[in-house]
Amino acid sequence: MKQLAIGLRVKELRRGDGPVAEAGRIVLLHYDCFLPRGEKCASSRDRGYPVQFEVGHRRVYPALEQGVVGMAVGGLRSVRVSPQLTYYERKQYPDLPPDAALRYEIELLRVSGEWDNSIYPPTVVTPRTEEP
């Protein structure tokens, strides 16, 4: 297990063999998030579509942003996050304890240079659109 930032530890569960996630690249991934006792509290799979973001722009949870760097497509990682880095501390989810340490399982599906709006259901507003 390696530590990327204070409060963030990453363990490789399965090595991928595709392109590698790095700053400036668009990644597509699935994640499951668990509380300390193992209860799932968030999941892109349960939501029905993966997460897409540009690495290095800090627009997602620190566990996803930092935990995916250096990961190859097809890989699976476990990322443990201290309470200081969790988004629950910002009180976005009042039912969850604000001091919860979380564990994410991240599966990297794709790395590319292009944003893909086709992955979202029609009812979802995409965070990025093409200029006319």
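The values are calculated or read from the model by the stated rules, or taken from the named source; none is laboratory data. Just so we're clear, the structure is a prediction, and the values are computed from it rather than from any experiment. Cβ atoms come from the backbone with ideal geometry, glycine included; neighbour counts cover every protein chain shown.
Things worth noting here:
Results for (1) part of a helix (DSSP H, G or I); (2) at pLDDT 90 or above, shown as yes or no for each residue.
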residue	(1), (2)
Arg45	yes, yes
Tyr49	no, yes
Glu89	yes, no
Asp95	no, no
Asp99	no, no
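- Picking from residues in the stretch 51-81 that are small (Gly, Ala, Ser) and at pLDDT 85 or above, the one that is nearest to Gly24 (Cα to Cα) is Gly56.
- Answer residue from the stretch 12-25, given it is modelled with pLDDT of 95 or more and either part of a strand (DSSP E or B) or of a type in the set (A, V, I, L, M, F, W, C) (or both) and is surrounded by the most Cβ atoms within 10 Å (Cβ to Cβ) among those: Ala21
- The C-beta contact set for the stretch 47-62 (first residue in contact (Cβ under 8 Å) with a residue 60 or more places away in the chain and over 16 Å from Ser118 (Cβ atoms), second residue part of a loop (DSSP other than H, G, I, E, B) and of a type in the set (Ser, Thr, Tyr), distance under 7 angstrom, 6+ apart or interchain) is empty.
- Qualifying residue in the stretch 26-35 (condition: more than 11 Å from Val79 (Cβ to Cβ), of a type in the set (A, V, I, L, M, F, W, C), more than 15 Å from the chain's Cα centre (by Cα) and not in a strand (DSSP E or B)): yes
- When the residues of the stretch 36-62 are filtered to those that are hydrophobic (A, V, I, L, M, F, W, C) and more than 20 Å from Ala72 (Cα to Cα), the one that is surrounded by the most Cβ atoms within 10 Å (Cβ to Cβ) is Ala42.
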